[in-house]
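Structure record follows, encoded as C-alpha cells.
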Amino acid sequence: MLDFLASIGAAFLGFLAATGRLAGFALSGIAAAFRPPYYPRLIVRQIIYMGYFSLPVVGLTAIFTGMVLALQSYTGFSRFNAESAVATVVVLSVTRELGPVIAGLMVAGRVGAAMAAEIGTMRVTDQIDALTTLSTDPFRYLVLPRLLAGLITLPLLVVVADIVGVFGGYIVSTVKLGFNPVTYLTQTETYLETMDVVSGLVKAGVFGFIVALMGCYHGYHSRGGAEGVGQATTHAVVSASIMILLSNYLLTAAFFGK
Amino acid sequence: MSDTRPPKVSVRGLEKSFGPKRVLDGVDIDCGVGESLVIIGGSGTGKSVLIKCILGLLHPERGSIRIDGVETVGLKRAERTALMHKFGMLFQGAALFDSLRVWENVAFGLIQGRGMERARAHEIALEKLAAVGLGAEVGELRPAELSGGMQKRVALARAIAAEPEIIFFDEPTTGLDPIMADVINDLIVRLVQELGATAVSITHDMVSARKIGHRIAMLHRGKIIWQGPAAEIDDSHNPFVDQFVHGRAEGPIQMEVRAV
C-alpha cells in the first residue's frame, strides 16, 4: 500500500517538476523577445513554413469538417423541423470551435513534430552547444522565431479555415440538401457576431503558441540520439494536442461561460 | 624574467555530478598563455564534461574556473556572451549547421555573434577555408555533401574564424583515417601557432596528443592523476598513465564491462 502511495506521490512530484521546467522554458522564450539582437529573416521563414505550407492540410480538413457538419446537423434538426438552423450551427461551430481546434491539431501534427525533430537533432549533434559557443543565444535564434511564428500564423490559418469550412457547409447544404443559396447565406450572416470570430482567432493565437512551445521544449530537451529525437517528436505532438483541447475548454468557458 | 600573468585557464576543485554519478571530483588544472594543453583519459572519464564546464555549457556544483584570472562560474548571461568571444570550439562530431551552406557555417559567429556584415564575413570565411585547405567552391556546399574529414576541417575553420584567444578541441581526430588525422593535427598545430592562441584539447588518441600538446594531463575517475610536458609522457612512472599510453588491457585501470 505504501509503495502504491509512494509511486503516486513520485508521479505527482514529477508532473509538478515538468510543469515548472516547461513554465521556465516558456518564460525564457518570452524574455528573449525583450533582448536584441532579433532575427526577422528567421521569423519570416518560420511564418512561411508554418503558415503557407500548412494551407493545403488546414484547407482540406476545414472543408470536409464543414461538409460533414452540415450533413449531420441537417439529419438531427430535420427530426423536429428545424432545418433552417443548419446555416447558423455550421458558422458558429466552425468559427468558435472547429476552425481553431482543427487547424491547431493539424499544425501540431505537421509543424510541431518537425520543430521537435529539427531542434532535437540539433541538440543531440551538439549544434545547440555550437550556437552558444558562437555567442548566439539559442532562445533568441531558435525558440523566439518559432513562438512568434506560431502566435502570428495560426490566427491567419484559422481565417482561411473559417471561410473554407463555412463554404463546405454551404456547398453541401445548397447542392445536396436543397437549401436556397441566398437564404443560407443570409442566415449565416444574420446569426454570426464579431465575438464569434474574434474568440476563435484568440484561441488560434494561444494554440499556435502552444504548438511552437511544445515543439521547441521537447526538441530542446531531447537526449540519446535518434531514439530520443523520435520520443521528443511524439511527446511534442501528443502534449500539444492535449493542451490545445484543454485550453480550448478553458477559453470557451472564459469567453462564453455564464 | 618570469611570466607574471595569470594562467589563461585555471580550474580549481571542480566537481560535477549527474544524478548519483560524480563525473568530476575535484579537478585542478592550469593552462598558460599560448600553451597547448592536452587532457587524455578513457571514454567516460569526464573529459568532455570538463571542457563543457569551462565553456559554460554545463554548470559545476563546486569549484572555480578562472579565465585570465577572472572567475567565470556563475556569470550572468550578458557577461557569459561577452566571454564567449574569447573562445573557439571544435566539436567531436563537427556540429555544423545542416541548414546553412559551408561558408555560412564558418561565418556564423561573425555575422550572428558579432554583427559583422555578410559580405565581409564571406571574405573572412573563404580565407579561413583556404587556411584549412578548402577551396571557395566548397563554401557553397551543404555540410551533408562533405566527407568526415572535410567536415572536421570546416569545423576547424569555424573555430578559428573570429580569431579566438582560447580554442578547445574535443576529440579532433576521432573517426578519421590515420592520414586525415595527421592532416588535422598539423592544421591544429599551425593555426594555433599562427593565431598565438591558447589551446585545450581532449583526446584518447596518443599520436594526436603527442603532436599537438606542449603539456599533457591525464583525467581518471574525475581527478587529474598526472600532468607534465608532452615529451615526458613515456617516463611518467605512473602505472595508470603507462597503461593508457601503451593501450594495455591489463593494469590498474579496470574497464567496466557488463554482460548485455
**OP:** Could you tell me whether any residue of the stretch A:151-163 is out of contact with any Lys or Arg (no Cβ under 9 Å at 6 or more places or on another chain) and under 17 Å from residue A:25 (Cα atoms)?
**Re:** yes
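So that you can scan it fast, the table gives a plain yes or no per residue for (1) more than 14 Å from chain A (Cβ to nearest Cβ); (2) farther than 23 Å from residue B:8 by Cα; (3) free of Cβ contacts under 8 Å to residues at least 24 places away in the same chain; (4) in contact with a Ser or Thr (Cβ under 8 Å, 6 or more places away or on another chain):
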site	(1), (2), (3), (4)
B:132	yes, yes, no, no
B:139	yes, yes, no, no
B:150	yes, yes, yes, no
B:171	no, no, no, yes
Original post:
From the list A:43, A:30, which one is under 16 Å from residue A:115 (Cβ atoms), more than 14 Å from chain B (Cβ to nearest Cβ) and not small (Gly, Ala, Ser)?
Top reply: A:43
Subject >> Candidates B:104, B:123 - the one that is over 26 Å from residue A:121 (Cβ atoms) and at pLDDT 95 or above >> reply: B:123
Subject >> Conditions (1) of a type in the set (Phe, Trp, Tyr); (2) part of a helix (DSSP H, G or I); (3) closer than 29 Å to residue A:142 by Cα; number of the one not met by residue A:38 >> reply: (2)
Original post:
Taking the condition within 14 Å of chain B (Cβ to nearest Cβ) and under 14 Å from the mean Cα position of the chain (by Cα), does residue A:106 pass?
Top reply: no
Original post:
Out of all the residues in the stretch A:55-77, is one or more in contact with a helix residue (DSSP H, G or I) (Cβ under 8 Å, 6 or more places away or on another chain), farther than 30 Å from residue A:177 by Cα and of a type in the set (S, T, N, Q)?
Top reply: no
Subject >> residue A:88 being more than 27 Å from residue A:36 (Cβ to Cβ), polar (S, T, N, Q) and within 14 Å of another protein chain (Cβ to nearest Cβ) >> reply: no
Original post:
Among A:26, A:32, A:103, which is touching a residue at least 24 places away in the same chain (Cβ under 8 Å), farther than 21 Å from residue A:186 by Cα, in contact with an Asp or Glu (Cβ under 7 Å, 6 or more places away or on another chain) and not acidic (Asp, Glu)?
Top reply: A:32
**OP:** Kindly indicate whether residue B:159 is within 12 Å of chain A (Cβ to nearest Cβ), assigned to a helix (DSSP H, G or I) and touching a His at 6+ places or on another chain (Cβ under 7 Å).
**Re:** no
Original post:
With respect to residue A:135, is the statement that it is among the polar types (S, T, N, Q), over 25 Å from the mean Cα position of the chain (by Cα) and away from chain B (no Cβ under 13 Å) true?
Top reply: no
**OP:** Select from the stretch B:76-98 the residues that are part of a helix (DSSP H, G or I) and within 7 Å of another protein chain (Cβ to nearest Cβ) and write down the one among them that is surrounded by the fewest Cβ atoms within 10 Å (Cβ to Cβ).
**Re:** B:81
Original post:
Can you name every residue in the stretch B:159-176 that is closer than 25 Å to residue B:46 by Cα and among the charged types (D, E, K, R)?
Top reply: B:165, B:170, B:171
Subject >> From the options B:171, B:163, residue that is of a type outside the set (Gly, Ala, Ser), at pLDDT below 95 and surrounded by 18 or more Cβ atoms within 10 Å (Cβ to Cβ) >> reply: B:171
Original post:
Somewhere in the stretch B:58-69, is a residue without any contact (Cβ under 8 Å) to a residue 24 or more places away in the chain, surrounded by 15 or more Cβ atoms within 10 Å (Cβ to Cβ) and under 23 Å from residue B:165 (Cα atoms)?
Top reply: no
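To keep it simple, each residue is scored yes or no on (1) surrounded by fewer than 16 Cβ atoms within 10 Å (Cβ to Cβ); (2) of a type outside the set (Gly, Ala, Ser).
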{"residue": "A:190", "(1), (2)": "yes, yes"}
{"residue": "A:200", "(1), (2)": "no, no"}
{"residue": "A:204", "(1), (2)": "no, no"}
{"residue": "A:209", "(1), (2)": "no, yes"}
{"residue": "A:220", "(1), (2)": "no, yes"}
Original post:
Within the stretch B:1-51, which residues are modelled with pLDDT under 95, crowded, with 16+ Cβ neighbours inside 10 Å, farther than 23 Å from residue B:191 by Cβ and basic (Lys, Arg)?
Top reply: none
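The values are calculated or read from the model by the stated rules, or taken from the named source; none is laboratory data. Everything quoted here is computed from the prediction, not taken from an experiment. Heads up, the Cβs are rebuilt from the backbone with ideal geometry, glycines too, and the neighbour counts pull from every protein chain shown.
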